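A short worksheet on the structure shown next.
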Amino acid sequence: MYRKAPFVMIILFGIILFGCGKKQRDFDTLYLRLSSDVTTLDPALVVDVSGGILTSKLFNGLVRYDDKMNLIGDLAERWEISEDGCTYTFYLKQGVRFTNGRELTSYDIKYSFKRVLDKKTRSPRTWVFDRILGATEFMEGKVKDVIGLAVKDKYTIEITLKEPFSPFLGFLAMPTGYIVPKEEVERYGSGFSQHPVGTGPFKLREWRHDERIVLEQNEDYFDEKAKVKRIEYRIIPEELTALAEFELGKLDIMGLPYAEFSRFMENPKWRPYIKSQIGLNVYYLGLNCQRSPFFNVKVRQAINYAIDKDGILNTILKNQAVLAHGSIPPTIPGYNKEINPYNYDPEKAKRLLKEAGFKDGFRMTIYQTQSKEALQLVEIFQDQLKKVGIEAHIVQREWSAYKDAINKGEPDSFYLAWIADYPDAENFLYPLFHSKNLGAPGNRARFVNKRIDKMIEEAIKTTNSEDRIRRYREIERIINQEAPWVFLWHKKEFVIHQPWVRNYKPHPIYNADKGTGVEIIRRP
């Protein structure tokens, strides 16, 4: 009961400030929440979800994802792919203008992509374009141009890759692929992040660091125009504060924290306004495959059998997630529903440990962040591992120190999640399990399997979609057997909105929502 008291006091206080002040509510503005300030609004430098959410409304790419995860044209009217899968020809929409008034052309596409590859930009995502023919030589300073970026005319650009790479179109939908005007970048230099100029449905009106970011409707937008005049992102780190603001009507849409899920879902006032979807994510306990005893596959399998994933889902997570069979979420083509997940079987775990030479168990560390939710889950892992003879010591680290430790391979194991940059099964295989990506690039379990490396490389070169999906499923099956992780779950994402919000749709990919469909209706 004591947990609800602060909400009551805050709401009563809010009635005085806000309840009598419906006149204060600006119904031309959509109020949203960010848990932290964004670091940059320069798409060449964006690596985080918040930055992607914001820049998707300020800029456009050649293509984008819709709310069904279909790739559709954005700046491109249409495109053609050569039979060998190496050359992409894009035909641009005509009459598209940057918010400074200048028309966008093919030269802007080439400039923006070269800018990402240019070492002076210091983009952390050169890998988005490094498969383009001549990109490596350009990055190394051996040549002054990228031969694979060819402007054919004012509205046509041809992009040639070194070899086929099936997810390339999806790469172009990422913030890294957004198009910027050369003259504005040169005008502001490093300050372009604070003065972004794009072609998107909104433009930056105000940015008060650690307080709010306000976007204003671009009235000259070439596509569907926004139904709200402004979007104001309020930066509220504390979830309790954000929920209080939502219940006061000062936020229109927000992610629903797992801890408060039942309270809102069981309330008939709010239940109709909760939307959910299976997120493009995977949560896992990574096992450091290059440390003893985790280089032994039987030890890794034993740990999978020792943890009761179903029990945790049914109790602690209250079915706010679905069981993971592997790394690929069930909403992405390539997911292998034929794989049987590791069921809870502590006796089998003990047998496998004995076969591996650890009948008396061993000691290990589990690293995690300072999140209370993470600690609650990891303590359950700790208790269940103890039942099969494994003594697990929990190590909590602040996020940056935690990330540094797992990137260097310091812990025996670690609790982590991977969230998709683009909805392709490759994004849940190549970064996470290819031996080229040990550590920071994604393979933090330090899993090395040359057969898997070769299979992934062959799959991403396969242009036939059915064949590629078949290959992904086989890769997933083998990885499941190799057990470099304890495959836990794919969390559902829950979003709640106010009754006066209309046409809100959650988007599986964070940078797919242009913010143009949402509408605010005035309360009577």
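Please treat every number below as a calculation from the coordinates, not as lab data. Note that the structure is predicted; figures quoted are calculated from it, not measured. Counting neighbours? That spans all protein chains shown, and the Cβs are built from the backbone with ideal geometry, glycine included.
Annotations
- Region 64-95 and region 411-455 have Cα centres lying 28 Å from one another.
- Residues whose amide H comes within less than 5 Å of that of Thr365, counting only those at least five positions distant or on another chain, are His393, Asp412, Ser413 (H built at 1.01 Å from N in the peptide plane).
- Under the combined filter of DSSP loop state and at most 16 neighbouring Cβ atoms within 10 Å, region 262-366 retains these trypsin sites (Lys or Arg not before Pro): Lys269, Arg291, Lys318, Lys337, Lys359.
- For the chain, the residue among Gly515, Phe59, Tyr258 whose Cα projects farthest onto the positive side of the dipole built from Cβ charges is Tyr258.
- Modelled spin labels at Leu323 and Lys408, positioned 7 Å past Cα toward Cβ, are 3.8 nm from each other.
- When Rg/Rh (Cα atoms, Kirkwood Rh) is calculated for this entry, the matching label among (i) 1.02; (ii) 0.95; (iii) 0.98 is (iii).
- Listed by chain and number, the lysines placed with their C-alpha closer than 21 angstrom to that of Lys203 are Lys57, Lys93, Lys182, Lys225, Lys227, Lys229, Lys514; residues fewer than eight positions away on the same chain are left out.
- For region 250-355, applying the loop criterion from DSSP together with a ceiling of 12 other beta carbons within 10 Å to the GluC sites (Glu not before Pro) yields Glu266, Glu338.
- Once C-alpha pairs closer than 8 Å and six or more residues apart are averaged by separation and normalised to the residue number of the chain, the relative contact order reads 20 percent.
- Full-stretch length increase - Phe27, Glu457 - with 0.36 nm per residue and alpha-carbon distance subtracted: 149.7 nm
- Reach of Lys354 by Cα under 19 Å, taken over lysines that are not fewer than 8 positions away in the same chain: Lys298, Lys386, Lys387
- Note on Thr39 and Arg263: with the Förster distance fixed at 25 Å, the Cβ-Cβ geometry gives a FRET efficiency of about 0.15.
- The length gained on full extension between Glu137 and Val151, counted as 0.36 nm times the residue separation minus their Cα-Cα distance, comes to 3.1 nm.
- Interatomic Cα distance distribution for region 49-193, bins of 10 angstrom, percent: 11, 44, 37, 8, 0
- Rounded to whole Hz, the Karplus (6.51, -1.76, 1.60) HN-Hα couplings of region 499-515, x for glycine and proline: x, 8, 8, 10, 6, 7, 10, x, 10, x, 9, 4, 9, 8, 8, 7, x
- Karplus (6.51, -1.76, 1.60) ³J(HN,Hα), θ = phi - 60°, over region 299-310, in Hz, Gly and Pro reported as x: 5, 5, 5, 4, 5, 4, 6, 7, 9, 8, 5, 4
- Based on DSSP H segments of at least four residues, each scored -39500 (n - 2.57), the chain has a per-residue ellipticity at 222 nm of -8000 deg cm²/dmol.
- Projected label distance in nm at Lys68 and Gln396, using a 7 Å step from Cα toward the beta-carbon: 4.6 nm
- Backbone geometry of region 111-125 corresponds, through the Karplus equation with coefficients 6.51, -1.76 and 1.60 at θ = phi - 60°, to 3J(HN,Hα) couplings of 4, 5, 6, 5, 4, 4, 6, 5, 4, 5, 6, 6, 5, x, 10 Hz, x marking Gly and Pro.
- FRET efficiency, 1/(1 + (r/R0)^6) with R0 25 Å, evaluated for Lys386 and Arg351 via beta carbons: 0.90
- Among 458-466, 38-46, sorting by the average number of other beta carbon atoms lying within 10 angstrom of each residue, highest first, gives 38-46, 458-466.
- Listed pairs Lys152/Lys461; Lys114/Lys403; Lys68/Lys275; Lys309/Lys492; Lys436/Lys492 exceeding 22 Å between Cα atoms: Lys152/Lys461; Lys114/Lys403; Lys436/Lys492
- For region 167-263, the fraction of C-alpha pairs farther apart than 18 angstrom is 64 percent.
- Region 467-507 versus region 261-297: alpha-carbon centroid distance in Å: 10 Å
- Summarising the label geometry, the points placed 7 Å from Cα in the beta-carbon direction at Glu80 and Arg212 lie 5.0 nm from one another.
- Of all DSSP beta bridges in the chain, antiparallel share, percent nearest 5: 75 percent
- Share of pairwise Cα separations in region 281-492, more than 24 Å, in percent: 38 percent
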